[in-house]
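Let me begin by presenting the structure, written as structure tokens, before commenting on it.
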Amino acid sequence: MLNVRYLALKLIRANHKVLFVFFLFSFVFLIFCHLSYCFSLHEDSQHYKQLRYKMVNQQIAARGIYDQKVLQAMRDVPRHLFVPERRQRSAYGDFPLPIGYGQTISQPYIVALMTELLKPEKDDIALEVGTGSGYQAAVLSRIVEKVYTVEIITPLGRAAEKLINEMGYKNITVKVGDGYFGWEQYSPFDCIIVTAASDHIPPPLIKQLKNGGKMAIPVGKPFQVQKLMLVEKSEKGEIRIKNILPVRFVPLRRAQR
Ligand code: SAH
């Protein structure tokens, strides 16, 4: 019995260096795995790039979006970085995703369709109402000269602003406020995109649309199917409204007065 204990002790002593090295390596390996996981959450990778290209081919181009600028912007913007970490793996699916505070990032096809409807050009000034995650603003910013975007929920607006700055999108300005009133200071806008549904088209937005400009907006009652409308202002200032397709958006809220 004594011999067994003696032998065991000897064995442990002989191997303590080996054990130490083993544990040290395991520790370093675990730290490495953790760091590379954290890093991957803020990084675009080959894997996500492939998913994004597939998304553009199968969900967007295949459904008739043909504006090359829009397709390229959708390929360029890493959508997975705009969704909460635990949703990143689903970021390139054909559906909207929750982004917190009861809000959603739209389905990729709807983002592409609304962007294409605006017929955006490189020297355009655009207004977005409903910044949310900042994804739609980032897509638009790849095409136009400047994007002004308004978000009513303070933490969402601040988080989107931080992400947009960290990612280096220099031509987007975020404001927290009620986008129902647009952003008069920078109006008129060539393009206006509203990513929350209103039961009517806000008159201030029509006013802030440039002659010859376009606005995409979901119109209808909250939590029901709404109509995606394209509002066009002619060079003479006449308004024409086209009904594009049924959609489902979160409601356009109104600030408490
Ligand atoms: N475009 C966003 C998704 C929009 S979800 C994206 O790419 O992620 C709709 C957003 O509109 C929500 O964040 C909601 O808080 C915001 N919103 C609702 N009413 C608003 C208002 N009156 N003014 C500005 N933003 C509003």
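The values are calculated or read from the model by the stated rules, or taken from the named source; none is laboratory data. Bear in mind that the values here come from a model prediction, so they are computed numbers and not experimental data. All Cβ positions, glycine included, derive from the backbone under ideal geometry; neighbour counts span all protein chains shown.
Restricting attention to the range 156-170, which residues are buried (at least 16 other Cβ atoms within 10 Å of the Cβ) and under 22 Å from Lys122 (Cβ atoms)? Spell out the reasoning first.
So in the range 156-170, the residues buried (at least 16 other Cβ atoms within 10 Å of the Cβ) come out as 156-157, 159-161, 163-164, 167, 169.
Within the range 156-170, Ile164, Met167, Tyr169 qualify.
Taking the conditions exactly as written (over 20 Å from Ile192 (Cβ atoms) and among the hydroxyl-bearing types (Ser, Thr, Tyr)), does Tyr169 satisfy them or not? Let's see the steps before the verdict.
Details: over 20 Å from Ile192 (Cβ atoms): no; among the hydroxyl-bearing types (Ser, Thr, Tyr): yes.
No, not satisfied.
Among what's in the range 124-139 and is at positive phi and either modelled with pLDDT under 95 or under 9 Å from the mean Cα position of the chain (by Cα) (or both), pick the residue that is farthest from the ligand (Cβ to nearest atom). Break it down stepwise before answering.
Within the range 124-139, the subset at positive phi is 130, 132, 134.
Add one more test, that the residue is either modelled with pLDDT under 95 or under 9 Å from the mean Cα position of the chain (by Cα) (or both), and what stays is 132, 134.
Values: Gly132: 3, Gly134: 6 Å.
My answer is Gly134.
Name the residue, out of Asn165, Asn171, Asn211, that is at pLDDT 95 or above and in contact with a Pro (Cβ under 9 Å, 6 or more places away or on another chain). Steps first, answer last, please.
Numbers: Asn165 fails: in contact with a Pro (Cβ under 9 Å, 6 or more places away or on another chain); Asn171 fails: in contact with a Pro (Cβ under 9 Å, 6 or more places away or on another chain).
One residue alone meets the criteria, Asn211.
So Lys175 fits all but one of (1) in a strand (DSSP E or B); (2) within 13 Å of the ligand (Cβ to nearest atom); (3) buried (at least 21 other Cβ atoms within 10 Å of the Cβ); what number is the exception?
(3)
Checking the conditions here, which among Ile193, Ile153 is crowded, with 17+ Cβ neighbours inside 10 Å, more than 15 Å from the chain's Cα centre (by Cα) and β-branched (Val, Ile, Thr)? So that I can check it myself, show each step before the final result.
Working: Ile193 fails: more than 15 Å from the chain's Cα centre (by Cα).
Among Ile193, Ile153, only Ile153 is crowded, with 17+ Cβ neighbours inside 10 Å, more than 15 Å from the chain's Cα centre (by Cα) and β-branched (Val, Ile, Thr).
May I ask you to list the residues in the range 70-123 that are over 18 Å from Ile193 (Cα atoms), more than 9 Å from the ligand (Cβ to nearest atom) and hydroxyl-bearing (Ser, Thr, Tyr)?
Those that are over 18 Å from Ile193 (Cα atoms), more than 9 Å from the ligand (Cβ to nearest atom) and hydroxyl-bearing (Ser, Thr, Tyr): Ser90, Tyr92.
All but one of (1) at pLDDT below 95; (2) more than 30 Å from Glu151 (Cα to Cα); (3) surrounded by 10 or more Cβ atoms within 10 Å (Cβ to Cβ) hold for Asn3; state the number of the condition that does not hold.
Of the numbered conditions (1) at pLDDT below 95; (2) more than 30 Å from Glu151 (Cα to Cα); (3) surrounded by 10 or more Cβ atoms within 10 Å (Cβ to Cβ), the odd one out for Asn3 is (3).
Take Tyr180 and tell me if it is aromatic (Phe, Trp, Tyr) and surrounded by fewer than 18 Cβ atoms within 10 Å (Cβ to Cβ). Step through it out loud before you land on a result.
Details: aromatic (Phe, Trp, Tyr): yes; surrounded by fewer than 18 Cβ atoms within 10 Å (Cβ to Cβ): no.
No, not satisfied.
So which strands (runs of 3 or more DSSP E) are wholly in the range 203-257 and hold at least 2 residues that are aliphatic (A, V, I, L, M) and away from the ligand (no atom under 15 Å from the Cβ)? Full working, then the answer.
Values: elements: 209-219, 226-233, 239-247.
In the range 203-257, the matching strands (runs of 3 or more DSSP E) lie at 226-233, 239-247.
Any residue in the range 219-240 that is at negative phi and polar (S, T, N, Q) sitting within a Cβ distance under 7 Å of a residue that is buried (at least 16 other Cβ atoms within 10 Å of the Cβ) and at pLDDT 95 or above? List the pairs, counting only those 6 or more apart or interchain.
Gln226/Ala197; Gln226/Pro218; Gln226/Val219; Gln226/Gly220; Gln226/Val247; Gln226/Arg248; Gln226/Phe249
Step by step: first the residues of the range 140-150, then only those that are surrounded by 19 or more Cβ atoms within 10 Å (Cβ to Cβ) and farther than 21 Å from Arg52 by Cβ, then the one that is nearest to the ligand (Cβ to nearest atom). Which residue is that?
So in the range 140-150, the residues surrounded by 19 or more Cβ atoms within 10 Å (Cβ to Cβ) come out as 140-144, 147-150.
Retained after the next criterion (residues that are farther than 21 Å from Arg52 by Cβ): 148-150.
Details: Tyr148: 12, Thr149: 8, Val150: 5 Å.
Taking the candidates together, the pick is Val150.
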